Amino acid sequence: MSFPTSPEAITPLFLSALVGDRGKLRGFSTTRVGTGQMCDSYRLTLDWEEGAEGPATVIAKCPSHDEASRNIAKLTGTYVKEVSWYRYLAEASGVPAPRCYFYDIADDEVEFLLILSDLAPATQGDQLAGRDLAGLLPCIDAAAKLHAHLWNDVRLAHMSWIARDNGDLIRAMFPQLYLGFRERYAQRLSPEVLDIGAGIVEKLDAYLTREPAARALVHGDLRIDNILFAPDGDACWLVDWQTLGRGSGAADLAYLIGTSIADPVERAAADRPAFDHWIAALRAEGVDPDAEALWTDYRLGALSGYFMAVFASMSVERTTRGDEMFAVMAERPARQALALGSLDLL
């Protein structure tokens with residue numbers, strides 16, 4: 001392996017050759033950024049020689065320091081997916097995302113490095129606080145660009161790194177993870193919210209094998225913790241591409257709305273307007289969507305936020321913030337799934 005995979009291993013010469021005047025970077029300081037538990041991210045503040053050209057800061061993304069997170073990343077191809085997004089898809093997609101100066105991953109599919117542009121003063125969304133529909137409209141537009149890029153395109157099936165089948169792994173793991181999740185959150189979540197997970201376990205095969213109305217590139221973890229927002233909120237950039245896949249764009253959208261809007265009454269009022277905005281954005285990108293069939297996908301997609309909350313919470317390093325984040329990630333989509341009759345569709 002001929003590239004560094006931690007800030008300590010990055011040299012000024014290596015970095016300067018990627019982002020600015022080679023050999024003219026005196027050094028850099030490192031600050032941990034983000035709240036992600038699957039990877040470690042750092043802001044590198046660069047000290048250039050006088051007159052040298054290069055950015056003031058960049059973001060370095062590396063494997064998690066937590067062994068459990070690294071293990072699940074290897075099992076699910078998490079790091080491969082993010083590196084491959086920047087290697088093969090990001091530039092052509094038109095999706096607002098950071099510029100990538102460097103990407104590489106070792107043969108073990110764990111050791112990797114991304115050097116990305118720093119989008120500050122844009123800031124990460126706050127999953128716990130949530131965001132209303134008006135604040136989510138730029139995210140819906142960005143999602144539509146992603147989904148439209150290879151809408152029902154046969155090339156999706158030939159991208160082995162994105163089409164890898166984790167179904168057997170999920171069938172083996174999810175029921176046991178759900179039991180641990182239910183025990184951990186028994187005092188935090190209501191019985192009807194916890195029972196949504198039991199319903200997913202009961203219908204797991206149908207959930208995993210159902211064909212969507214249209215196949216698209218999907219982010220897979222499209223929530224505001226994984227989105228950077230401009231200070232005025234009028235623009236956003238999608239980040240954290242570790243769950244990139246091919247699936248239902250409508251489910252991606254339901255995940256965003258279900259995990260973001262904290263109040264269930266407000267969310268229920270937003271479901272259809274958000275969906276209609278997404279349909280219009282797809283049409284603006286040149287897609288001719290079947291809105292009726294996709295609305296069914298959206299209703300079923302309400303389960304995806306809950307599914308991710310169970311799987312991720314029991315697989316990555318545990319933190320105080322993480323415990324509460326995964327609680328709301330389950331609770332909000334559960335209310336959405338109950339209101340939309342999601343389990344009845346399986």
Give the Debye-formula value of log10 I(q)/I(0) at each listed q (0.10, 0.22 Å⁻¹), with one equal scatterer per alpha carbon of the stretch 215-346, two decimals each. -0.31, -1.50
Rounded to the nearest 10 degrees, the helix 167-184 long axis (Cα) sits at an angle to the longest Cα principal axis of the chain of 80 degrees
For the stretch 106-239, what does the alpha-carbon gyration tensor say about shape, rounded, prolate or oblate, given a ≥ b ≥ c as the root eigenvalues, a/c under 1.5 as rounded, and a/b over b/c as prolate? oblate
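May I ask you to compute the full-extension gain from residue 160 to residue 293, defined as 0.36 nm times their residue separation minus their alpha-carbon distance, rounded to one decimal in nm?
Values: separation 133, 0.36 × 133 = 47.88 nm, distance 2.73 nm.
Between residue 160 and residue 293, full extension yields 45.1 nm more.
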Sorted by mean Cβ packing within 10 Å, highest first, what order do the peptides 240-249, 18-27 take? 240-249, 18-27
What spacing in nm lies between the two simple spin-label points modelled at residue 235 and residue 169, each 7 Å away from Cα in the Cβ direction? 3.6 nm
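Against the 2.2 N^0.38 Å scaling, with N counting residues, where does the stretch 90-135 land? I'd like the Cα-based Rg ratio to two decimal places.
Working: Rg = 15.0 Å, N = 46, 2.2 N^0.38 = 9.4 Å.
After normalising by residue count via 2.2 N^0.38 Å, the value is 1.60.
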Taking Cα atoms only, helix 133-149 is inclined relative to the longest principal axis of the chain by an angle, in degrees rounded to 10, of 80 degrees
Residue 52-residue 108 pseudo-label distance in nm [points 7 Å out on the Cα-to-Cβ vector]: 3.1 nm
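Once you wrap a convex hull around the alpha carbon atoms of the chain, what is its projected area averaged over all directions, in nm²? Numbers along the way, then the final one.
On the way: hull surface 68.0 nm².
About 17.0 nm², averaged over all directions.
Report relative contact order for the stretch 100-247 in percent, whole number only (criteria: Cα-Cα under 8 Å, sequence separation at least 6). Mind showing how you got there, number by number?
Details: 146 pairs, mean separation 51.7, N = 148.
Over the stretch 100-247, the number comes to 35 percent.
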Can you list the residues, at least 5 places off or on another chain, whose amide H is less than 5 Å from the amide H of residue 118, using H built in the peptide plane? 59
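Hey, any idea what % of the stretch 1-135's accessible area is carbon plus sulfur with a 1.4 Å probe?
47 percent
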Compute, for the stretch 34-176, the length of the dipole vector about the Cα centre, with Cβ point charges of +1 (Lys, Arg) and -1 (Asp, Glu) only. Units Debye, rounded to 20. 620 debye
The percentage of the accessible area of the stretch 254-346 (probe 1.4 Å, all protein chains present) made up of carbon and sulfur atoms, to the nearest whole number, is 52 percent
Largest to smallest accessible area among 332, 318, 43 [probe 1.4 Å]: 318, 43, 332
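Only Cα pairs under 8 Å and at least 6 apart count here; give the relative contact order of the chain as a rounded whole percent.
Working: 605 pairs, mean separation 62.4, N = 346.
Rounded, it is 18 percent for the chain.
Take the Cβ-Cβ distance between residue 187 and residue 210 as r, set R0 to 30 Å, and report the resulting FRET efficiency rounded to the nearest 0.05. If you can, show how the numbers build up before the last one.
Details: r = 33 Å, r/R0 = 1.10.
My answer for the efficiency is 0.35.
Order 203, 81, 74 by their accessible area, 1.4 angstrom probe, all chains in place, largest first.
Details: 203 60, 81 25, 74 100 Å².
Ranked from most to least accessible, the order is 74, 203, 81.
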Largest first, what is the accessible-area ranking of 75, 345 with a 1.4 Å probe? 75, 345
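Give me the 1.4 Å probe accessible area per residue for the stretch 29-113, excluding ligands and nucleic acids, in Å².
Numbers: 3780 Å² over 85 residues.
Spelled out: the 1.4 Å probe surface of the stretch 29-113, per residue, equals 44 Å².
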Residue 8 accessible area, 1.4 Å probe, all protein chains in place, Å² to nearest 10: 150 Å²
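With every protein chain present, what is the per residue accessible area of the stretch 259-342 (1.4 Å probe, Å²)? Working shown, then result.
Working: 3110 Å² over 84 residues.
Normalised by residue count, the accessible surface of the stretch 259-342 is 37 Å².
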May I ask you to list the lysines whose Cα is less than 19 Å away from that of residue 145, ignoring any residue fewer than eight positions away on the same chain? 81
Quick one: Karplus J couplings for the stretch 320-327, per residue in order, coefficients 6.51, -1.76, 1.60, θ = phi - 60°, nearest Hz, x for Gly and Pro? 4, 5, x, 4, 6, 4, 5, 5
Sequence-distant or interchain residues sharing an amide H contact under 5 Å with residue 127, placed H: which? 225
Quick query: amide H of residue 109 versus all other amide H atoms, modeled in the peptide plane; which residues come in under 5 Å with a sequence gap of 5 or more or a different chain? none
Helix axis angle, 264-284 relative to the chain longest principal axis, alpha carbon, degrees: 60 degrees
Which percent of Cα-Cα pairs in the stretch 54-155 sits in each 10 Å bin, short to long? 13, 33, 40, 14, 0
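The values are calculated or read from the model by the stated rules, or taken from the named source; none is laboratory data. As the structure is a computational prediction, the values presented were derived from the model and not from experiment. Methodologically, a virtual Cβ is constructed for each residue, glycine included, from the backbone with ideal geometry; neighbour enumeration extends over all protein chains shown. Quick note on the areas: whole protein, heavy atoms, side chains included, nothing else; ligands and nucleic acids left out. Shrake-Rupley method; radii C 1.70, N 1.55, O 1.52, S 1.80 Å.
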